[in-house]
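Working notes, beginning with the structure itself.
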Amino acid sequence: MREMKGMADSPGAGKAKPGGFLGSLKEALAAASRDDTALAVPKPAATPAAPTPSGSAPPPRPASPPPLPASQSVAADANLEDLIPQESDLPPAAPHPSGPKPLSAAQAAREARGVTSLKPQEKHMEFDGTNTTRIVRGGPQASGPAEPAADESARTQLVRGRQPLKRGQFVVDPVVGWLVVTGGPGLGAYRPVFEGNNAIGRSPDSRIPIDFGDEAISSEEQAYIRYDSNDRGFLFVPNMSKTNVVSVNNKRPTSAVELAAMDVIVMGRTQLVFMPFCGQEFDWSEISETKD
């Protein structure tokens, strides 16, 4: 009774602290979880440092090898090929079972040098004309000036507008008309007619040679065709001393007859058609530079 009374008289007795039991349980669980975490992840122990004797210097570094003498040094570009074993000094490589033959050390070195530089015989370069394509040719550099390009005078020149014409003396006798073979030997051929008196014959020396193989034509002066620039007319004159007969438009003239365009002349077995170039509409005398 005395103990119970004491408990009843103690402060806070008779009324419970709100959440007292649950609060004590949460605190106990939280404390237990912290202890488990500390046990699961132990902290690494510090490694004791090796004792260093006081006053001792660090070990020295190894010294670099002494430089080679100047006589034994190798230049960057000189005697490089002598240091690489040549292909003739190496033993023959076994054939590869599949694929191309591998390159030797000497061949690989030569290819590596060829990428960055040209050999002396490959340094000669030429430019062909005005093209921009570079042409590299072997052999020593050619001495002397290059050959000139094509002759500029042989190139066609472009002419714009009306150009003055230069006229001088005739190079050959001016043509005033033609005789065209329309039947017999020499079909399709033609012979020019010139100013003045033109003898017609089978001989090549005639001024109008009808030499196509017709033996019925006299070799010399079978007939004449005459053109006079004063009256601008053509005349056909037969040679009456010849036995072979000639005809003009199916008529056998015995004297001079006037010729016009498309008149038909028959000599032996050859038929000729006359085509004038000069006449009443044009004559070479109209060109002032050719006048006497």
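The values are calculated or read from the model by the stated rules, or taken from the named source; none is laboratory data. Because the structure is predicted, anything quoted here is derived from the model rather than measured. All Cβ positions, glycine included, derive from the backbone under ideal geometry; neighbour counts span all protein chains shown.
Taking the criterion of being of a type outside the set (K, R), over 22 Å from F236 (Cα atoms) and without any contact (Cβ under 8 Å) to a residue 24 or more places away in the chain, the residues of the stretch 156-187 that qualify are T156, Q157, L158, V159, G161, Q163, P164, L165, V171, V172.
The single condition from (1) surrounded by 15 or more Cβ atoms within 10 Å (Cβ to Cβ); (2) closer than 16 Å to G177 by Cβ; (3) modelled with pLDDT of 95 or more that A261 fails is (1). When residues in the stretch 197-238 are screened for being among the polar types (S, T, N, Q) and under 21 Å from V176 (Cβ atoms), 6 of them pass.
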